1. Ile23 versus (1) crowded, with 17+ Cβ neighbours inside 10 Å; (2) modelled with pLDDT under 95: which is the lone unmet condition?
2. Is it true that Arg16 is basic (Lys, Arg), modelled with pLDDT of 95 or more and exposed (fewer than 10 other Cβ atoms within 10 Å of the Cβ)?
3. Could you say whether any residue in region 62-72 is aliphatic (A, V, I, L, M), in contact with a Gly (Cβ under 8 Å, 6 or more places away or on another chain), modelled with pLDDT of 95 or more and surrounded by 15 or more Cβ atoms within 10 Å (Cβ to Cβ)?
4. Looking only at strands (runs of 3 or more DSSP E) that lie completely in region 31-82, which have at least 3 residues being more than 14 Å from Val13 (Cα to Cα)?
5. Give just the number: which of (1) surrounded by fewer than 16 Cβ atoms within 10 Å (Cβ to Cβ); (2) of a type in the set (D, E, K, R); (3) at pLDDT 95 or above does Asp53 not satisfy?
6. Checking the conditions here, which among Ala36, Ala48, Ala28 is of a type in the set (A, V, I, L, M, F, W, C) and under 18 Å from Asn74 (Cβ atoms)?
Amino acid sequence: MSRLSDETAALEVRTRDELPSAIRWKDAWHPIQHIALSWQLDVIWWGARVYRDYYKLLAGGMALVIYHDLLTDNWGIQRVYD
């Protein structure tokens, strides 16, 4: 299992009905085949609020966890599974 730093985690996402439908990563678009799990996190971490929607999914043959930061409206990759 690989972890990515926040610096390398930036992600462009297409949505449909407010859910991710495709991700652009490493200069290519990858359609999302399946969202296995989704959850929301709203906590105070080290004095700062973290408010995100998370999605564990399959996209372009990859298993990964992406998130939507609801405070900044940015998307990112949290984890890529080997």
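The values are calculated or read from the model by the stated rules, or taken from the named source; none is laboratory data. Just so we're clear, the structure is a prediction, and the values are computed from it rather than from any experiment. Neighbour counts are summed over all protein chains in view; Cβ atoms, including those assigned to glycine, are modelled from backbone coordinates with ideal geometry.
1. (2)
2. Judged against the criteria, Arg16 is a match.
3. Within region 62-72, the first condition is being aliphatic (A, V, I, L, M), and the residues that meet it are 62-66, 70-71.
Right, trim to in contact with a Gly (Cβ under 8 Å, 6 or more places away or on another chain) and you get 66.
Now restrict to residues that are modelled with pLDDT of 95 or more: 66.
From what is left, the residues that are surrounded by 15 or more Cβ atoms within 10 Å (Cβ to Cβ) are 66.
Among the residues of region 62-72, at least one is aliphatic (A, V, I, L, M), in contact with a Gly (Cβ under 8 Å, 6 or more places away or on another chain), modelled with pLDDT of 95 or more and surrounded by 15 or more Cβ atoms within 10 Å (Cβ to Cβ), which makes the answer yes.
4. On the way: elements: 48-59, 62-69, 74-81.
The strands (runs of 3 or more DSSP E) meeting that bar are 48-59, 74-81.
5. (1)
6. Details: Ala36 fails: under 18 Å from Asn74 (Cβ atoms); Ala28 fails: under 18 Å from Asn74 (Cβ atoms).
So the residue among Ala36, Ala48, Ala28 that is of a type in the set (A, V, I, L, M, F, W, C) and under 18 Å from Asn74 (Cβ atoms) is Ala48.
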